[in-house]
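Everything on this sheet refers to the single structure shown next.
The values are calculated or read from the model by the stated rules, or taken from the named source; none is laboratory data. Everything numeric here is computed off the predicted structure, so don't read it as measured data. Cβ placement follows ideal geometry from the backbone for every residue including glycine, while neighbour counts extend to all protein chains displayed. We work out accessible area using only protein heavy atoms, side chains counted, and drop any ligands, DNA or RNA first. Shrake-Rupley method; radii C 1.70, N 1.55, O 1.52, S 1.80 Å.
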Amino acid sequence: HSTDFEVHRNWLAITHNLPLSQWYYEATSEWTLDYPPFFAWFEYALSHIAKYFDPQMLVIQNLNYSSQATIFFQRFSVIFTDILFIYAVRECCRCVNGRRAGKDIMEKPTFILAALLLWNFGLLIVDHIHFQYNGFLFGLMLLSIARLCQKRYLEGAALFAVLLHFKHIYVYVAPAYGIYLLRCYCFTANNTDGSLKWRSFSFLHVTLLGLIVCLVSALSLGPFIVLGQLPQVISRLFPFKRGLCHAYWAPNFWALYNAMDKALTVVGLKYNFLDPTKIPKASMTGGLVQEFQHTVLPSVTPLATLICTLISILPSVFCLWFKPQGPRGFLQCIVLCALSSFMFGWHVHEKAILLAILPLSLLSVQRAKDAGIYLILTTTGHFSLFPLLFTLPELPIKILLMLLFTIYSFSSLKSLFRREKSLLNWLETIYLFQLVPLEIFCEIIFPLTPWKLTLPFVPLLLTSVYCALGITYAWLKLYVSVLTEPVSARQKAE
């Protein structure tokens, strides 16, 4: 089982056995509680059901405990909570424009969207093979998006506030929510040219939004504020000592940065530009989650990543405010905020790419240009998740599942936009096809070479760097599309 399986078993034990005051201090296991309080309460509720399956899973000292009853309970709990995700997908499908609907139900945008979301390869392997509870969390996110698209603004804001206190990674897309609610709910009218009517500002609406945020935050963090433990909770939620990158580099800008530093180090050693005795012995690809120093390029600090992230998000937020496009503009901003945070964030996990892929699914069935970007991002992003399933029995499973999802994605979107030009150009097609020889090399050829013992990190490095190129390209292409689209086209699309 994955480490996340033990992580969640340990959290069941912590919340079941210890008082609230010790939840964020308990450290018997290395997998300490590092999710916001609502998720801790979720684990607490599950633990009272888990005790009827196998009480031993709730013993804190039973590290790496995995009886058959424990496996069944944890796996089934993920499946059961996916009910919320299914409902959220249904609500999102109701928001989709059906003007392109064909005679065959399988060619309707709503059917294609439902399949792309419910059958999402990344979510399937991360939750149901690797093991996590992303399904119901994305369900909360999609449901909040649906409510905002339906102009049920307070419901959408409340759902997103709750989501943030379940898993704080969703703060990546908080700027999109904040600006959209301010633009469309706190200001109640526009001028005839589409610009903001400043006199339409509603103090009542701002007050209502503020009350929702404060109430949810008080329910979540209030007990820990009373106990004087808020700094401890924050330190668990944002552990900056874990280092710039995860053990497996997420395919983002820092993966390219690290690879460049490695390449310059090799060249520097070969031509005696660098002193071997002054090079750090710890390897960035050694599998450890730790702080490290770059050899040639400047080392990156948490503050630097925050500044880069904020700068990369600003243009999308600017467009959402000054060039409003309704729900479609909101979705574009969500995707760009998620991708920008993924590209430049501190200690980003590869699984965070799903935060951009799932909202982009809603755009992919609306416009051919967005469908093309979706195909590049999903194919590359999903391939980057392959290292999560690293055992031999899992190899045919992940390849087959991804092939099925990828073939359906390409065929369904191509059928939906058959009157449009090709969704991908020849260069994009060649790039995606090169994923096949990359996988063959990493899984079949490399293990047979002597490099496996001396350079074991090479498959991960190649996968991360190659996928980073595709994700960066998709991010830039979407940004160019949003920034260059004229206002008149936006109004017609809306």
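Quick notes on this one:
- Cβ-Cβ FRET estimate between Gln61 and Leu269, R0 fixed at 30 Å, reported to 0.05: 0.05
- Annotation for His349 and Leu20: the two label points, set 7 Å from Cα along the Cα-Cβ direction, are 2.6 nm apart.
- Charge dipole (the chain, unit charges on Cβ, about Cα centre) - positive-most of Asn272, Gln366, Leu196: Leu196
- Those Cys residues of the chain for which no other cysteine Cβ falls under 4.7 Å: Cys92, Cys93, Cys184, Cys186, Cys214, Cys245, Cys308, Cys319, Cys333, Cys337, Cys442, Cys467
- Rolling a 1.4 Å probe across the protein heavy atoms gives the chain an accessible surface of 47 Å² per residue.
- Taking other residues whose beta carbon is less than 13 angstrom from the beta carbon of Phe160, and scoring Lys, Arg as +1 and Asp, Glu as -1, yields +2.
- With a Förster radius of 22 Å applied to the beta-carbon distance between Lys452 and Ile279, the computed FRET efficiency rounds to 0.40.
- The residue among Phe111, Ser66, Ile86 whose Cα reaches farthest toward the positive pole of the charge dipole of the chain, with charges on the beta-carbon of Lys, Arg, Asp and Glu, is Phe111.
- Amide H partners (placed H, <5 Å) of Leu196, local residues excluded: Asn191
- Cβ-defined net charge surrounding Gly372, 9 Å radius [Lys, Arg +1; Asp, Glu -1]: 0
- When +1 charges are put on Lys and Arg Cβ atoms and -1 charges on Asp and Glu Cβ atoms, the dipole computed for the stretch 239-493 relative to its Cα centre reaches about 560 debye.
- HN-Hα J in Hz across the stretch 380-390 - Karplus 6.51, -1.76, 1.60, θ = phi - 60°, x for Gly and Pro: 5, x, 5, 4, 5, 7, 3, x, 5, 10, 10
- With every protein chain in place and a 1.4 angstrom probe, the accessible-area ranking of Glu30, Glu107, Glu439, largest first, reads Glu30, Glu107, Glu439.
- For the stretch 213-224, the Karplus equation 6.51 cos²θ - 1.76 cosθ + 1.60, evaluated at θ = phi - 60°, returns couplings of 4, 5, 5, 4, 5, 5, 4, 7, 9, x, x, 6 Hz by residue, with Gly and Pro reported as x.
- In order along the stretch 154-160, phi translates into HN-Hα couplings of 5, 4, x, 5, 5, 4, 6 Hz, rounded to whole numbers, per the Karplus curve 6.51 cos²θ - 1.76 cosθ + 1.60 with θ = phi - 60° and x for Gly and Pro.
- Given the chain, longest segment not containing exposed loop trypsin sites (Lys or Arg not before Pro) (DSSP; at most 12 other Cβ within 10 Å): 282-417
- Here's how it looks for Phe201: its modeled amide H is under 5 Å from those of Thr188, which are all 5 or more places away or on a different chain.
- Sites Glu30 and Ile407 - FRET efficiency at Förster radius 45 Å, r taken between beta-carbons, to 0.05: 0.65
- Along the axis of the charge dipole computed for the stretch 239-493 (Cβ charges of +1 for Lys and Arg, -1 for Asp and Glu, origin at the Cα centre), the listed residues Phe322, Leu455, Ser384 are led at the positive end by Phe322.
- Surface composition of the chain: carbon plus sulfur atoms hold 69% of the accessible area, using a 1.4 angstrom probe and ignoring ligands, DNA and RNA.
- The charge dipole of the stretch 140-210, taken about the Cα centre with unit charges on the Cβ atoms of Lys, Arg (+1) and Asp, Glu (-1), comes to about 60 debye, rounded to the nearest 20.
- Fully extended contour minus Cα-Cα distance, from Cys214 to Leu303, at 0.36 nm per residue: 29.3 nm
- Treating each Cα of the stretch 42-160 as one equal point scatterer and applying the Debye formula with no solvent, the log10 of I(q)/I(0) at q = 0.10, 0.19 Å⁻¹ comes out as -0.42, -1.02.
- Calculated mean residue ellipticity at 222 nm for the chain: -19500 deg cm²/dmol, from DSSP H runs with n ≥ 4 weighted as -39500 (n - 2.57), summed, divided by the residue count and rounded to 500.
- Taking the Cα centre of the chain as origin and assigning +1 to Lys and Arg Cβ atoms and -1 to Asp and Glu Cβ atoms, the resulting dipole is close to 1500 debye.
- Distant-in-sequence amide H partners of Cys245 (H built 1.01 Å from N, under 5 Å): His347
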